[in-house]
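Engineer: What follows is a structure written as structure tokens; I'll ask about it next.
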Amino acid sequence: MSNLIPVHPLEKRWIYVVLGVIALFLGAIFYTALVHQVHPPGAIETIDSATLHLGGEFAEDKLGVRTDADGHLRATLVAARYGFYPREIRVPEGLPITFRIASADVLHGMHVPMTNLDTMVVPGYVSTVTTTFPKPGEYPMLCNEYCGMGHDHMWSKVIVVSRESWKAAAPQTGR
Amino acid sequence: MKKACLCGLLLVAFGGPVVAEPSSKVAWTLETLALVKNGDREKGRQIAETCAACHASGPQPAGTTFPDLQGQLATYLYKQLRDYKDGTRASEIMAPITASLSDKDMADVAAWYSAQPAQAGAKAETVSETAERLVERGDGRRILPSCNACHESDGRGQTIDVPALAGQNPAYTEQTLLDYKSGARHNDIYGRMRTIARELGDEDIRQLARYYAGLKR
């Protein structure tokens, strides 16, 4: 084949580099998927964005962080132009917490810098992400999908508290 | 008895059977949008004859907090009427008036008022810099998006139910923002306007009301 189409040695070298990069990326994807269990969201769950507030999981009084009956932490949020509601949540460091978030209007993104919490919030769908916050502190929760003129002001606060002070403030249980 | 009391307390504390009402029962489903879109202006005009005592066209007498409705978004007007009727927006005046209106009546009235020419605002002689900054740029430190982001740069409002503010009676705008701030008005879904108003000082509110009163749509 190489006799039919002459390939310049420099070009050949670049082909190897590109193949190497592709192999590296694929390797990273397989490694994180197989070893660290990082997967794209599997279950597709739909919801009516227009009636979110009328009742059910995303009703106004159901939002926030609570502990389920089995002891698992769950944060229920709504993204709407221009903020995440509730505007401030407290979560513990080092404990797995599942975020459930829906959009009340247009496409949003939920991103907490310096953590791996990052998901698109597509109107009509519920986004579910489980994560663990490694370090206590105050973090912004930002919208990273352009959603309109106030997009750059769309952020809320996530306060990660140490496990000790989380236990001390236990009454959040059962909400 | 003690046990019953304790159970009751626990239920209240953990939100058992006490179900909070949504801040508004209006949902912008396709049916509701179609209902408002197809509002009959002529029928609306007839119903609106009762409204003219407080919501006539022309500038409001100084001091009254009745809003100008001419040229307002039909969807916004419809939502407010429904909220008055449902009790999610409290008003001793509007609750009995809306009690006898059907959803269709409300869509008709909304269609009539939204088709009327808006009040020509009288430009305020001096526009406060604070108000202008809030309107155009918001305030990052208070997590305040600019007013323009939702109410548009000319204050004409935005779909679906972000009200037009340009030319609005300043006494009404001021009172409304104060009510959002105190929580007396709470028919904004997910408390979006309450969250914003809580960050505003009373002087900011007064200046913003003056600013919007002076805008022409």
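Engineer: Starting from the Cα of B:Lys43, draw a straight line to each of the aspartates and glutamates and keep only those under 15 Å, dropping any in the same chain fewer than 8 residues away.
Structural biologist: Straight-distance partners of B:Lys43: B:Asp103, B:Asp105, B:Asp108.
Engineer: Which order, highest average first, do A:96-104, A:132-140, B:103-111 follow once you tally other Cβ atoms within 10 Å for each residue and take the mean per peptide?
Structural biologist: Working: A:96-104: 20.4, A:132-140: 14.8, B:103-111: 22.7.
The most tightly packed comes first, giving B:103-111, A:96-104, A:132-140.
Engineer: In a Debye calculation with equal point scatterers on the alpha-carbon sites of region B:111-185 and no solvent, what is log10 I(q)/I(0) at q = 0.11, 0.15, 0.16, 0.20 Å⁻¹?
Structural biologist: For region B:111-185, the Cα-only Debye profile gives -0.33, -0.62, -0.71, -1.11.
Engineer: Summing -39500 (n - 2.57) over the DSSP H runs of n ≥ 4 in chain A and dividing by its residue number, what mean residue ellipticity at 222 nm do you reach, to the nearest 500 deg cm²/dmol?
Structural biologist: Values: 2 runs with 32 residues, N = 175.
Calculated mean residue ellipticity at 222 nm is -6000 deg cm²/dmol.
Engineer: Continuing with this model, one more query. Quick check on region B:42-133: what are the equivalent-ellipsoid semi-axes from the Cα gyration tensor, as sqrt(5λ), descending, whole Å?
Structural biologist: Details: eigenvalues 138, 49, 34 Å².
Sorted largest first and rounded, they come to 26, 16, 13 Å.
Engineer: Where does the charge balance sit around B:Ile205 when Lys and Arg score +1, Asp and Glu -1, over other residues with C-beta under 9 Å from its C-beta? Please report the intermediate quantities before stating the final value.
Structural biologist: On the way: positive: B:Lys181, B:Arg206; negative: B:Glu174, B:Asp202, B:Glu203, B:Asp204.
Net charge around B:Ile205: -2.
Engineer: Bin width 20 Å, alpha-carbon pairs only: give the P(r) of the protein assembly as shown as whole percents, running from 0 to the bin holding the largest distance.
Structural biologist: 23, 47, 23, 6, 1
Engineer: Another question, if that's okay. Would you list which aspartates and glutamates come within 13 Å of A:Lys12, measuring only between C-alpha atoms, while excluding same-chain residues fewer than 8 positions from it?
Structural biologist: none
Engineer: Counting Lys +1, Arg +1, Asp -1, Glu -1, what net charge surrounds A:Gly148 among other residues with beta carbon under 14 Å of its beta carbon? Each step should come with its number before you reach the end.
Structural biologist: On the way: positive: A:Arg81, B:Arg192; negative: A:Asp105, A:Glu145, A:Asp152, B:Glu152.
So the environment of A:Gly148 carries a net charge of -2.
Engineer: So what is the relative contact order for chain A, in percent, with contacts set as C-alpha pairs under 8 Å and at least six apart? Write out the running numbers ahead of the final one.
Structural biologist: On the way: 315 pairs, mean separation 36.4, N = 175.
Answer for chain A is 21 percent.
Engineer: Extension gain A:Thr132-A:Asp152, at 0.36 nm per residue separation less the Cα-Cα distance, in nm? If you can, show how the numbers build up before the last one.
Structural biologist: Details: separation 20, 0.36 × 20 = 7.20 nm, distance 2.61 nm.
Working it through step by step, the gained length comes to 4.6 nm.
Engineer: Over what distance in Å are the Cα centres of region A:100-136 and region A:42-61 separated?
Structural biologist: 15
Engineer: Can you compute the label reach from B:Glu21? Point 7 Å from Cα along the Cβ direction, backbone N cut-off under 11 Å, restricted to region B:89-114.
Structural biologist: B:89-91
Engineer: I need A:Arg66, B:Arg198 ordered by Cβ neighbour count within 10 Å, fewest first. Before the final figure, lay out each step's value.
Structural biologist: Values: A:Arg66 17, B:Arg198 14.
Least crowded to most crowded, the residues run B:Arg198, A:Arg66.
Engineer: Quick check: pseudo-label points 7 Å beyond the Cα along Cα→Cβ at A:Asp61 and A:Leu95, how many nm apart are they?
Structural biologist: With each label placed 7 Å out from Cα toward Cβ, I get 2.4 nm.
Engineer: Hey, could you pull the Cα Rg and Dmax for chain A, both in Å?
Structural biologist: Every Cα atom of chain A included, Rg and Dmax give 21.4, 76 Å.
Engineer: Which residues among region B:196-217 fall inside the zone where the amide N is under 16 Å from a point 7 Å beyond the Cα of B:Ala120, along Cα→Cβ?
Structural biologist: B:214-217
Engineer: State which entries of B:Lys25/B:Lys216; A:Lys135/A:Lys157; A:Lys62/B:Lys79; A:Lys62/B:Lys37; B:Lys85/B:Lys216 exceed 26 angstrom in Cα-Cα distance in the structure shown. Walk me through the numbers before you get to the answer.
Structural biologist: On the way: B:Lys25/B:Lys216 32 Å; A:Lys135/A:Lys157 15 Å; A:Lys62/B:Lys79 23 Å; A:Lys62/B:Lys37 32 Å; B:Lys85/B:Lys216 31 Å.
Pairs exceeding the cut-off: B:Lys25/B:Lys216; A:Lys62/B:Lys37; B:Lys85/B:Lys216.
Engineer: Moving on. If you take the Cα Rg of region A:83-175 and divide it by 2.2 N^0.38 Å, with N the number of residues, what do you get?
Structural biologist: Details: Rg = 13.6 Å, N = 93, 2.2 N^0.38 = 12.3 Å.
Normalised Rg, Cα atoms only: 1.11.
Engineer: Still on this structure: Add +1 for every Lys or Arg and -1 for every Asp or Glu among the other residues with Cβ under 11 Å from the Cβ of A:Leu107, and state the total.
Structural biologist: Working: positive: A:Arg81; negative: A:Asp105, A:Glu145.
Value of the local net charge: -1.
Engineer: While we're looking at this one, here's another question. When you look at the Cβ of every residue in A:77-83, what mean number of other chain Cβ atoms sits within 10 Å?
Structural biologist: Values: counts 0, 2, 1, 3, 6, 9, 7.
Partner Cβ neighbours, averaged per residue: 4.
Engineer: Between A:Ile159 and B:Gln46, what is the spin-label point distance in nm, taking each point 7 Å from the Cα along the Cα→C-beta axis?
Structural biologist: About 5.8 nm, to one decimal.
Engineer: Chain B: percent of C-alpha pairs farther apart than 32 Å?
Structural biologist: When all Cα pairs of chain B are counted, 23 percent exceed 32 Å.
Read the figures in this text as sums done on the coordinates, not as results from a lab. Here the structure is a predicted model, which is why all the values come from computation and not from measurement. Positions of Cβ are backbone-derived with ideal geometry, glycine not excepted, and every protein chain shown enters the neighbour counts.
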